[in-house]
Amino acid sequence: MTQFEEFLSILRCPFCAGGLSFKPQSSPPGQGHYGILACGCSKYPVLDDVPVLMKGEIGIISHWNDGVIHAGPRTEKLVADIERGVTTEALMECLVFPRRYPLQGRLTRAHVWPVGLGEKAGLAQTRAGLRSLLERKDTRAQDVFDFFYSKRSGNNPYLSEYFLNRFVMPRYLSAMALVQRMDQAALPVLDIACGYGQFEHYLTRRGRATPAVGVDFNFYQVWGAKRWVAPDAWFACCDASVPLPFKDGAFSGAICSDAFMLMPDKPLLVSEVERVAPGQPAIYARCGNLEVNPPNPPGGGEMRPAEYLELFGEGTRHFADAALWKHYLMRRNPLDREPARLDDLRWEKYLTYVRHPEALAPAGEPEGSWCHGVGRLVLNTVVRITADKGDHLETEFMYRTVWGAYEDADMMCYTERWGRVDKAQLRKALADPQSAAASDLVRRFVLVGVPDRYVADNLAHLRGTGP
């Protein structure tokens, strides 16, 4: 059985809970599997290795307010396209959005903007850009982020910075204080609302490599995750407000980071996670505290600390997110600490909860290894080189946006504002990522591990024997 067939074997229909049969369709050169999954009630498309286990429109949804940026095609149209062999066109329909033009909003309100013609022109323009991304051999995840979160995309432009810098954000380190303690297992770890699959990258590339499956309701993200961020993991496009599209006991653990407060049916999701990963660690990271401003999301969805605990049930451990990234940096196991009193969490905006904490391993990464150092070592994505002084580089850390500075202010605590980096040490680190030189630069957040096709290599001249 191939890895793709193993992945399909754990799927089930989220609506009738029936098994799914797969009918393959020929794939375009350089792309993954295409075909149709069928059960007793429905048919679902598989596009470039990604099953779409949803009904209705498969479009682009806003991260901020769940508003629809572009509705996209309906599932039945995608199925019909694949059955006709129009595979690349079906993929493109799920990824394009109408480009926004300068003054479009003002002209629309004045009733002088040609809405239909403008949308048609905007779709044609993004379609051309998307084809360029697909055809280029040097496309990286950063290019994909910039494409989907440009100022003309209708999405929040800050999200390009958010996803690019994810591996060094406090929220990622907080989650990693616990995620690194998920044992190596034959069964995969499930990541709910996975975005671009940064957790999947870590799990599948760490020394104790563990299979991983990510799900999100935004197709363009799970597609990008599979192509550019975590190619060894598997992804599905589905809606976590209905039963999960997986068989009972399919997973060795679960993660839901920075998203649980967005879930419309939280009790259902908690019960579904227990069904697919019974008795296994379930990490609900960075859950918003209703009593602390600003509300996230603006429309509601957060709960109070005690309400989360009541929902998750007896035996759940809770943590202040602001404490977890410090535990990560100090290489401490948060589970060894006494739980914080709920009263002490009153002014903590973000909280993390772990169901079945006893199933986590006491040890994380071995001494000298860091979660944020897993992958190809590159210059920290929040740092830029300001001068090359011959034997050393001078660097500067600066947020790209005001929102980034607000959201990730704690990054300033552990990232060198102005740095001096010895080039001889850099060469040693890049030549041998397991060396003490590499460990030191990763510890200092000068270097960070990323997927192979994540960002342009601005240290290429130091790999090998260059000047």
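A few points about this structure:
- Residues of region 211-254 that are closer than 24 Å to Gln31 by Cα, surrounded by fewer than 24 Cβ atoms within 10 Å (Cβ to Cβ) and in contact with a Ser or Thr (Cβ under 8 Å, 6 or more places away or on another chain): Pro211, Trp228, Asp232.
- Yes/no for Ala193 being in contact with a His (Cβ under 6 Å, 6 or more places away or on another chain) and closer than 17 Å to Arg286 by Cα: no
- If the condition is being farther than 13 Å from His392 by Cβ and assigned to a strand (DSSP E or B), then region 409-452 contributes Leu447, Val448, Gly449, Val450.
- Some residue of region 299-309 being of a type in the set (A, V, I, L, M), within 30 Å of Leu187 (Cβ to Cβ) and touching a residue at least 40 places away in the same chain (Cβ under 8 Å): yes
- Selection within region 255-304 - among the aromatic types (Phe, Trp, Tyr) and either in a strand (DSSP E or B) or surrounded by fewer than 17 Cβ atoms within 10 Å (Cβ to Cβ) (or both): Tyr284
For (1) touching a residue at least 24 places away in the same chain (Cβ under 8 Å); (2) assigned by TED's automatic domain parsing to the domain that holds Met169; (3) buried (at least 16 other Cβ atoms within 10 Å of the Cβ), each residue gets a yes or a no:
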| position | (1), (2), (3) |
| --- | --- |
| Ser369 | yes, no, yes |
| Thr381 | yes, no, yes |
| Ile385 | yes, no, no |
| Thr395 | yes, no, yes |
| Asp410 | yes, no, yes |
| Glu416 | yes, no, yes |
| Asp432 | no, no, no |
| Ala437 | no, no, yes |
| Val450 | yes, no, yes |
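- Any chance Pro157 is surrounded by 21 or more Cβ atoms within 10 Å (Cβ to Cβ), touching a residue at least 60 places away in the same chain (Cβ under 8 Å) and not aromatic (Phe, Trp, Tyr): no
- Taken over region 196-249, the criterion of being over 11 Å from the mean Cα position of the chain (by Cα), among the acidic types (Asp, Glu) and within 24 Å of Trp370 (Cα to Cα) is satisfied by Asp232 alone.
- The strands (runs of 3 or more DSSP E) falling completely within region 1-98 that include 2 or more residues that are modelled with pLDDT under 95 and of a type outside the set (Lys, Arg) map to 68-70.
- Among the residues listed as Gly19, Gly85, the single one being within 25 Å of Pro243 (Cα to Cα), of a type outside the set (Val, Ile, Thr) and surrounded by fewer than 16 Cβ atoms within 10 Å (Cβ to Cβ): Gly19
- Counting the residues of region 380-408 that are part of a loop (DSSP other than H, G, I, E, B), under 17 Å from Phe445 (Cβ atoms) and out of contact with any helix residue (DSSP H, G or I) (no Cβ under 8 Å at 6 or more places or on another chain) gives 1.
- Note on region 219-244: residues that are within 30 Å of Pro295 (Cα to Cα), in a loop (DSSP other than H, G, I, E, B), touching a Phe, Trp or Tyr at 6+ places or on another chain (Cβ under 9 Å) and touching a residue at least 40 places away in the same chain (Cβ under 8 Å) total 5.
The values are calculated or read from the model by the stated rules, or taken from the named source; none is laboratory data. Every value quoted in this text rests on a predicted model; they were computed, and no experiment measured them. We place every Cβ from the backbone using ideal geometry, glycine too, and count neighbours over all the protein chains shown.
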